[in-house]
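The values are calculated or read from the model by the stated rules, or taken from the named source; none is laboratory data. What you are looking at is a predicted structure, and each value in this text was computed from that prediction instead of being measured. Positions of Cβ are generated from backbone atoms using ideal geometry, with glycine treated the same way; all protein chains shown enter the neighbour counts.
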There are 2 protein chains.
Amino acid sequence: MTEPDLGRLSLNQATTQHWSMSATIDGCARAGIGWLGVWRDKLTELGAVATARRLKAAGVRASSLCRGGFFPAATQSDRLARLDDNRRAVDEAAEVGAPVLVLVSGPPVGRDIDLARKQVEDGICALLPYAESTGVRLAIEPLHPMFAGDRSVVVTLGQANAMAARIGSAFVGVAVDVYHVWWDPAIYQEIGRAGSSIVGFHVSDWLAPPPDHLLGRGVMGDGLIELRRLREAVDAAGYTGPIEVEIFNQKVWDMPGGEVLTLVQDRYRRLC
Amino acid sequence: MTEPDLGRLSLNQATTQHWSMSATIDGCARAGIGWLGVWRDKLTELGAVATARRLKAAGVRASSLCRGGFFPAATQSDRLARLDDNRRAVDEAAEVGAPVLVLVSGPPVGRDIDLARKQVEDGICALLPYAESTGVRLAIEPLHPMFAGDRSVVVTLGQANAMAARIGSAFVGVAVDVYHVWWDPAIYQEIGRAGSSIVGFHVSDWLAPPPDHLLGRGVMGDGLIELRRLREAVDAAGYTGPIEVEIFNQKVWDMPGGEVLTLVQDRYRRLC
């Protein structure tokens, strides 16, 4: 049981939802957090290029951009529109200096989950040449199965691994978020199988029962997830990149941002 | 695409939560529903033996008893107390004439989900001789992974199948509830693998997003689940028993029970 490198801690911007981009960057710099998981909606404040400058001046690097995806749609023209938006997301990732674009696959259209899964894979394949040309890696992120109906038909790391293997590009990997995968009896096996294709690792905690469908995540240590075991498994699989703290929780959002960062740093050091 | 046999329709008592046992039995008889999935807390009204008589007089058979399980506990004495309670549940199943006791495994104690899974399997093995002696089959029911922290560490049919195979008794099978398993990329494969060990099949629907953690199930047809495809897969695997409609939903509970039964019969016939 070894403590994680504090230099790998990344603040995913969803954790301090009520901070502006400027406040978030300043907050990270003050706290000595060297990485930021950036959300697209927050880029509108300064624009991606100015955000990149501001990050660099503060000594903070973008660990990833959240998010692309949402590939399934009822019509071909809708699917092409989603693809255009994903190309813009790739551009924004490149502009802000994020090496990875996180993909949330999207929900099924109606009752055909197999078709939706095919549309996700087709969408990633269609996006891939553009991602390769810009040097941005795509991270397939399996979401917890409770989001299968409204956010992601990709629900296990095994499924994400299989999809990444079929696509077979160095520019398509997987993101492991403990909140989404902790329940999976096959998780350690699948982390090992993912190996060097792991391009992102996110931490938070599972509260029981979850207080909310979307905003129910806990701060590390407040729930049931074996955080250090999972982090060490991901490390053992070969992942050495940033560890993003991503906590969607109204109570956390209602705290002063500086206090959130202090809490997150303490829990990260002791529990991750 | 064939319609299901109406003679297989069973009302799981959780669907008409506000009905007494007597009202439920009378309601089923009036509606021509020949099966009832019985809950233990409802047995206190008449007692198990008198309930059995009342069921028989009404021409209704118990399809299963809900529920046993909740095996993991922090101390040996607590685990033994759970086991005693499970033996009482087996007795009640036998008394009320239910061929199957549904097992909800229980949540982890603290952060060791592997240990909890071992305690579940140990608990089933310890209960098994008593179940065999009374002729009651035990059904391992995987619950949706969103219940992993508060209700069941058994979260996939694959996991339940593996556990049943390791135990290797004709008195231990699996229950397939569409609400809990519909999201699983391996579900059709695992239904086929389960084969004759399927001893229960439950239907409802998945609303997106779920309106509530516990009471968020939809009436068949109101959500995203491929009901007929799943029912036909379970049939093809060899299951010919009752199909329980189990809907935990406050809005359904607020409807007059007779209307619930009419709605359920219509949706069952058209969609299951």
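For the criterion of being assigned to a loop (DSSP other than H, G, I, E, B), small (Gly, Ala, Ser) and surrounded by 14 or more Cβ atoms within 10 Å (Cβ to Cβ), residue A:52 fails.
Filtered by the rule that a residue be of a type in the set (Gly, Ala, Ser), within 21 Å of residue A:153 (Cβ to Cβ) and over 14 Å from the mean Cα position of the chain (by Cα), segment A:52-76 gives A:73, A:74.
Restricting B:219, B:245 to those that are away from chain A (no Cβ under 13 Å), free of Cβ contacts under 8 Å to residues at least 60 places away in the same chain and either closer than 29 Å to residue A:106 by Cα or within 15 Å of the chain's Cα centre (by Cα) (or both) reduces the list to B:219. Within segment B:222-256, the set of residues being touching a strand residue (DSSP E or B) at 6+ places or on another chain (Cβ under 9 Å) and either among the basic types (Lys, Arg) or modelled with pLDDT under 95 (or both) comprises just one member, B:231. Got at least one residue in segment A:10-23 being surrounded by 14 or more Cβ atoms within 10 Å (Cβ to Cβ) and at positive phi? The answer is no; no qualifying residue exists.
Can you tell me which of (1) away from chain B (no Cβ under 14 Å); (2) free of Cβ contacts under 8 Å to residues at least 60 places away in the same chain; (3) not hydroxyl-bearing (Ser, Thr, Tyr) is the one residue A:113 doesn't meet? Failed condition: (1).
To keep it simple, each residue is scored yes or no on (1) in contact with a helix residue (DSSP H, G or I) (Cβ under 6 Å, 6 or more places away or on another chain); (2) more than 14 Å from chain A (Cβ to nearest Cβ).
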| site | (1), (2) |
| --- | --- |
| B:210 | no, no |
| B:224 | no, no |
| B:228 | no, no |
| B:237 | yes, yes |
| B:241 | no, yes |
| B:249 | no, yes |
| B:255 | no, yes |
| B:264 | no, yes |
| B:272 | yes, no |
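Of all residues in segment A:142-152, which are touching a Leu at 6+ places or on another chain (Cβ under 6 Å) and part of a loop (DSSP other than H, G, I, E, B)? A:142, A:149, A:151, listed by residue number. Residues of segment A:162-177 that are outside any helix (DSSP H, G or I) and either among the aliphatic types (A, V, I, L, M) or closer than 23 Å to residue B:143 by Cα (or both): A:170, A:172, A:174, A:175, A:176, A:177. Close Cβ contacts (under 7 Å, 6 or more residues apart or on different chains) running from residues in segment B:227-242 that are farther than 16 Å from residue A:111 by Cα to residues that are small (Gly, Ala, Ser) and in a helix (DSSP H, G or I) comprise B:237/B:192; B:237/B:194; B:237/B:195; B:238/B:195; B:238/B:196. Taking (1) in contact with a strand residue (DSSP E or B) (Cβ under 8 Å, 6 or more places away or on another chain); (2) surrounded by fewer than 20 Cβ atoms within 10 Å (Cβ to Cβ); (3) hydrophobic (A, V, I, L, M, F, W, C) in turn, residue A:139 satisfies each apart from (2).
For segment B:50-61, state whether one or more residues are within 14 Å of chain A (Cβ to nearest Cβ), among the small types (Gly, Ala, Ser) and either farther than 19 Å from residue B:147 by Cβ or touching a Pro at 6+ places or on another chain (Cβ under 8 Å) (or both). No, that holds for no residue. Restricted to segment B:111-123, and to residues there that are of a type in the set (Lys, Arg) and not in a loop (DSSP other than H, G, I, E, B), the residue that is farthest from residue B:155 (Cα to Cα) is B:118.
Each residue in segment A:143-177 was checked for being more than 11 Å from every other protein chain (Cβ to nearest Cβ) and β-branched (Val, Ile, Thr), and 4 of them qualify.
Each residue in segment B:238-256 was checked for being assigned to a loop (DSSP other than H, G, I, E, B), among the acidic types (Asp, Glu) and either surrounded by 16 or more Cβ atoms within 10 Å (Cβ to Cβ) or touching a Phe, Trp or Tyr at 6+ places or on another chain (Cβ under 6 Å) (or both), and 1 of them qualify. Taken together, B:99, B:108 contain a single residue that is surrounded by 19 or more Cβ atoms within 10 Å (Cβ to Cβ) and more than 14 Å from chain A (Cβ to nearest Cβ), which is B:99. When segment A:63-95 is examined, which residues are found to be crowded, with 24+ Cβ neighbours inside 10 Å and more than 26 Å from residue A:118 (Cα to Cα)? Selection gives A:63 alone. Is segment B:178-193 home to any residue that is closer than 21 Å to residue B:68 by Cα and either away from chain A (no Cβ under 14 Å) or in a strand (DSSP E or B) (or both)? Among the residues of segment B:178-193, not one is closer than 21 Å to residue B:68 by Cα and either away from chain A (no Cβ under 14 Å) or in a strand (DSSP E or B) (or both), which makes the answer no. Would you confirm whether any residue within segment A:124-142 is in contact with a Pro (Cβ under 7 Å, 6 or more places away or on another chain), over 15 Å from residue A:102 (Cα atoms) and away from chain B (no Cβ under 11 Å)? Within segment A:124-142 (the criterion being in contact with a Pro (Cβ under 7 Å, 6 or more places away or on another chain), over 15 Å from residue A:102 (Cα atoms) and away from chain B (no Cβ under 11 Å)), the answer is no, since none of the residues qualifies. For residue A:108, are the conditions met, namely being modelled with pLDDT of 95 or more, in a helix (DSSP H, G or I) and more than 26 Å from residue A:192 (Cβ to Cβ)? So residue A:108 fails the test. Against the numbered list (1) more than 19 Å from the chain's Cα centre (by Cα); (2) polar (S, T, N, Q); (3) crowded, with 17+ Cβ neighbours inside 10 Å, residue A:44 comes up short only at (3). Every listed requirement among (1) over 16 Å from the mean Cα position of the chain (by Cα); (2) part of a loop (DSSP other than H, G, I, E, B); (3) within 14 Å of chain B (Cβ to nearest Cβ) is met by residue A:214 save one, (1).
Mind listing whichever residues of segment A:86-105 are in a helix (DSSP H, G or I) and in contact with a Phe, Trp or Tyr (Cβ under 7 Å, 6 or more places away or on another chain)? Once the filter is applied, which keeps residues that are in a helix (DSSP H, G or I) and in contact with a Phe, Trp or Tyr (Cβ under 7 Å, 6 or more places away or on another chain), segment A:86-105 yields A:87, A:90. Quick one: is residue B:99 of a type outside the set (A, V, I, L, M, F, W, C) and modelled with pLDDT under 95? No. When residue A:208 is tested against (1) in a helix (DSSP H, G or I); (2) surrounded by fewer than 24 Cβ atoms within 10 Å (Cβ to Cβ), exactly one condition is not met: (1).
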